[in-house]
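Asker: Have a look at this one before I ask anything.
The values are calculated or read from the model by the stated rules, or taken from the named source; none is laboratory data. Predicted model only: the values in this text are computed from it and were never measured. In this analysis, Cβ positions are derived from the backbone assuming ideal geometry, glycine residues included, and neighbour counts consider all displayed protein chains.
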Amino acid sequence: MIGSLNFSDQSTRLLLGLLILLMLAPLMAGDYMLSIMITVLLQAYLGMSWNVMMGFAGQFSLGHALYVGLGAYASGALFVHFGTPPWLGAVAGMGVSVAFASMIGALGFRFKVMGVYFALLTIAFAEFTRVLFDHWGWVGASSGLFLPVSNRSHDDIWLLRGSASMFYYVILAMVAGGFLFSRALLRRRIGFYWQAIRENEDAADALGIDVFRLKMIAVIISAAMTSLGGMFIAFFNNNLYPESIFSMHRSIELILGTIIGGIGTLFGPILGAVVLTALGEGLTILGEKIGIDGIKQIAYGACMMAILILKPGGLWPWLRHRLGLDGGAK
Amino acid sequence: MTAPMLSVDNLGKSFRGLRAVNAVTFQVARGDIVALIGPNGAGKTTTFNLIAGALPPSDGRVLLDGHDVTGMGQAAICRQGVGRTFQIVKPFAGLTVEENVMVGALRHDGGHVEKARAASRKILDLLELGDKATHPAQSLTLPDRKRLEVARALATRPKLLLLDEVMAGLRPVECDRMVAILQGLNKESGLTILLIEHVMRAVMALSDHVVVLHHGEKIAEGTPAEVTSHPKVLECYLGEEHV
């Protein structure tokens with residue numbers, strides 16, 4: 001059944017099994033493994049957030065580090081200066097991100113800035129915001145903002161101070177929530193309208209769809225989701241530098257998993273994050289064994305190219321077909 | 001006396017120096033099937049785009065059901081009850097055939113997905129695409145894509161349907177089927193249709209009224225029999241020496 005959980009549905013059972021496995025993981029995994037799993041889940045969450053805009057509605061953003069940074073700095077700075085709990089700070093971060101997203105969307109969509117040119121606009125916003133934060137003393141400017149690390153005796157989920165396994169469960173919940181939210185969007189009218197716009201804007205317009213409004217909604221939802229991920233990064237890392245949080249590098253890293261996993265699919269961002277991290281870690285170990293510097297980067301690039309050439313639609317559509325789940329979960 | 005379904009009043013469009021449509025005036029009565037014909041480059045599709053709101057007219061007015069809809073934009077005009085197809089088909093290639101039609105149907109029933117799916121199935125069956133409902137739209141042949149265009153436009157439940165060369169590329173038998181389908185829709189639900197068509201077989205069978213454009217201007221109108229014997233029409237189609 002559309003929109004509801006049907007436990008006899010094979011893909012739903014598969015997902016539940018996976019979720020239970022992930023929930024038990026901290027009991028078995030060591031510190032190193034746990035930190036890698038947090039990285040994977042964070043990458044999956046951010047990829048999902050970007051996927052709403054690019055995968056569902058077809059609007060290309062190459063500046064999503066902007067929303068990561070805004071979410072991170074809003075919640076981080078409010079916590080440092082006023083002791084505001086991160087979840088409230090995240091709401092502020094979402095507000096600021098939504099304001100920026102509305103500005104970018106309104107400019108781009110009103111003046112018909114499309115495709116790569118729209119992506120350039122998103123980069124421009126991310127870059128000048130980085131420069132702004134680099135010179136803003138209240139948030140530490142270029143020397144960074146540091147969150148006080150103390151009170152590790154117990155896990156405080158409201159203030160997000162505590163052990164790695166607490167952070168693991170928080171990001172796991174965010175991924176699960178993001179997945180269910182994305183699925184609900186995709187299966188409702190709004191999801192159909194977004195996909196129609198993605199496939200052919202003119203035809204969507206001729207069917208009475210308010211293209212401008214729907215693109216704005218996609219950009220806004222995507223920005224808000226991404227900035228929540230930014231809050232997580234702030235409290236997990238405890239330090240923020242404009243140079244890294246708003247970087248072009250982060251914007252690209254953020255979308256790679258979804259591209260590898262399958263743009264526009266629900267499971268693609270998760271699969272892509274797993275594959276990319278496994279690849280990265282595996283090649284690091286391999287590189288150390290072989291002992292040639294830089295071999296990791298070359299091999300990483302080669303693997304990515306191979307995946308994109310062989311499976312241009314991403315790994316998930318192919319794997320889904322292999323698992324016989326076609327017609328089930330997207 | 002009620003207003004005609006569509007009233008095109010002194011409509012004109014210039015693309016820089018080129019006058020594509022000039023002072024075109026005609027009406028489409030409620031429940032009629034009207035054909036817009038003319039040689040290549042006569043301005044038929046441009047006229048269509050002006051009516052559907054895809055292009056803003058340079059001058060003149062478009063009245064739908066007595067209301068001025070000039071320059072309203074395509075989406076707004078669709079919401080007023082005008083469905084259109086594209087001469088160069090524009091399927092949502094990555095979606096299934098059924099999902100394509102659902103996008104149109106979701107305007108109704110409060111956007112309920114399952115109701116839209118059921119409505120789409122009916123329309124697809126009507127257009128003989130029912131067995132291809134779950135196929136990706138990009139796998140369809142051109143004649144099927146033309147049918148899909150019609151299905152998608154119908155799903156928005158228009159009171160006026162604009163069809164831009166939906167018979168092109170269809171075999172005579174398929175063409176007759178399409179004619180029968182459109183006649184059925186017209187008779188049963190009173191759907192008003194304005195179509196651009198080159199296939200005269202379809203024009204003759206379908207139309208109550210024919211408007212002929214040439215070089216952006218209306219040169220004749222009347223019943224199919226009247227226009228096909230009109231000297232100006234013969235001249236522009238066949239050349240002067242035949243008249």
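Asker: Can you pull out every residue in the stretch A:127-160 that is of a type in the set (Ser, Thr, Tyr) and either assigned to a loop (DSSP other than H, G, I, E, B) or farther than 21 Å from residue A:229 by Cβ (or both)?
Answerer: Taking the stretch A:127-160 as the starting set, the residues that turn out to be of a type in the set (Ser, Thr, Tyr) are A:129, A:142-143, A:150, A:153.
Across the stretch A:127-160, the qualifying residues are A:142, A:143, A:150, A:153.
Asker: So, of the residues in the stretch B:50-64 that are surrounded by fewer than 20 Cβ atoms within 10 Å (Cβ to Cβ) and either assigned to a strand (DSSP E or B) or within 17 Å of the chain's Cα centre (by Cα) (or both), which turns out to be farthest from the other protein chains (Cβ to nearest Cβ)?
Answerer: In this case the residue turns out to be B:59.
Asker: Related question: Please go through (1) outside any strand (DSSP E or B); (2) surrounded by 15 or more Cβ atoms within 10 Å (Cβ to Cβ); (3) out of contact with any helix residue (DSSP H, G or I) (no Cβ under 6 Å at 6 or more places or on another chain) for residue B:41 and return the number of the only condition it doesn't satisfy.
Answerer: (2)
Asker: Still on this structure: Only one of (1) in contact with a His (Cβ under 7 Å, 6 or more places away or on another chain); (2) more than 20 Å from residue A:177 (Cα to Cα) fails for residue A:78. Which number is that?
Answerer: (1)
Asker: Now a separate question. Any residue at all in the stretch B:118-128 that's acidic (Asp, Glu), buried (at least 22 other Cβ atoms within 10 Å of the Cβ) and over 30 Å from residue B:238 (Cβ atoms)?
Answerer: No, there is no match, as no residue in the stretch B:118-128 is acidic (Asp, Glu), buried (at least 22 other Cβ atoms within 10 Å of the Cβ) and over 30 Å from residue B:238 (Cβ atoms).
Asker: For residues in the stretch B:69-114 being out of contact with any strand residue (DSSP E or B) (no Cβ under 9 Å at 6 or more places or on another chain), of a type in the set (Gly, Ala, Ser) and more than 7 Å from chain A (Cβ to nearest Cβ), which is surrounded by the most Cβ atoms within 10 Å (Cβ to Cβ)?
Answerer: Per the criteria, the residue is B:105.
Asker: In this structure, is residue B:203 in contact (Cβ under 8 Å) with a residue 12 or more places away in the chain, part of a helix (DSSP H, G or I), closer than 27 Å to residue B:233 by Cβ and away from chain A (no Cβ under 14 Å)?
Answerer: It is true that residue B:203 is in contact (Cβ under 8 Å) with a residue 12 or more places away in the chain, part of a helix (DSSP H, G or I), closer than 27 Å to residue B:233 by Cβ and away from chain A (no Cβ under 14 Å).
Asker: Right, next: Quick one: residue B:40 ticks every box in (1) closer than 22 Å to residue B:166 by Cα; (2) out of contact with any His (no Cβ under 9 Å at 6 or more places or on another chain); (3) of a type outside the set (Ser, Thr, Tyr); (4) without any contact (Cβ under 8 Å) to a residue 24 or more places away in the chain except a single one, so which number is it?
Answerer: Unmet for residue B:40, out of (1) closer than 22 Å to residue B:166 by Cα; (2) out of contact with any His (no Cβ under 9 Å at 6 or more places or on another chain); (3) of a type outside the set (Ser, Thr, Tyr); (4) without any contact (Cβ under 8 Å) to a residue 24 or more places away in the chain: (2).
Asker: Mind checking which residues of the stretch A:161-182 are crowded, with 20+ Cβ neighbours inside 10 Å and over 13 Å from residue A:38 (Cβ atoms)?
Answerer: Hits for the stretch A:161-182 are A:161, A:178, A:179, A:182.
Asker: Filter the stretch B:150-168 down to residues that are within 11 Å of another protein chain (Cβ to nearest Cβ) and in contact with a Cys (Cβ under 8 Å, 6 or more places away or on another chain), then give me how many there are.
Answerer: Number of matching residues: 2.
Asker: Of the residues that make up the stretch B:7-24, is at least one acidic (Asp, Glu), farther than 28 Å from residue A:212 by Cβ, more than 11 Å from every other protein chain (Cβ to nearest Cβ) and part of a loop (DSSP other than H, G, I, E, B)?
Answerer: There is no residue in the stretch B:7-24 that is acidic (Asp, Glu), farther than 28 Å from residue A:212 by Cβ, more than 11 Å from every other protein chain (Cβ to nearest Cβ) and part of a loop (DSSP other than H, G, I, E, B).
Asker: Kindly indicate whether any position in the stretch A:193-216 is farther than 30 Å from residue B:146 by Cα and either of a type in the set (S, T, N, Q) or within 20 Å of the chain's Cα centre (by Cα) (or both).
Answerer: Looking through the stretch A:193-216, at least one residue is farther than 30 Å from residue B:146 by Cα and either of a type in the set (S, T, N, Q) or within 20 Å of the chain's Cα centre (by Cα) (or both).
Asker: Looking at the stretch A:187-201, which of its residues are farther than 18 Å from residue B:111 by Cα and either modelled with pLDDT under 95 or more than 7 Å from chain B (Cβ to nearest Cβ) (or both)?
Answerer: A:198, A:201
Asker: Looking only at the stretch B:158-191, which residues are not in a helix (DSSP H, G or I) and not aliphatic (A, V, I, L, M)?
Answerer: B:158, B:159, B:164, B:165, B:169, B:171, B:190
Asker: Can you tell me which of (1) of a type in the set (A, V, I, L, M, F, W, C); (2) within 14 Å of another protein chain (Cβ to nearest Cβ); (3) under 30 Å from residue B:89 (Cβ atoms) is the one residue A:184 doesn't meet?
Answerer: Result: residue A:184 passes all but (3).
Asker: Turning to a different aspect of this structure: Scan the stretch B:119-149 for residues that are within 13 Å of chain A (Cβ to nearest Cβ) and either in contact with a Phe, Trp or Tyr (Cβ under 8 Å, 6 or more places away or on another chain) or in contact (Cβ under 8 Å) with a residue 40 or more places away in the chain (or both) and jot them down.
Answerer: The answer is B:136, B:137, B:138, B:145, B:148, B:149.
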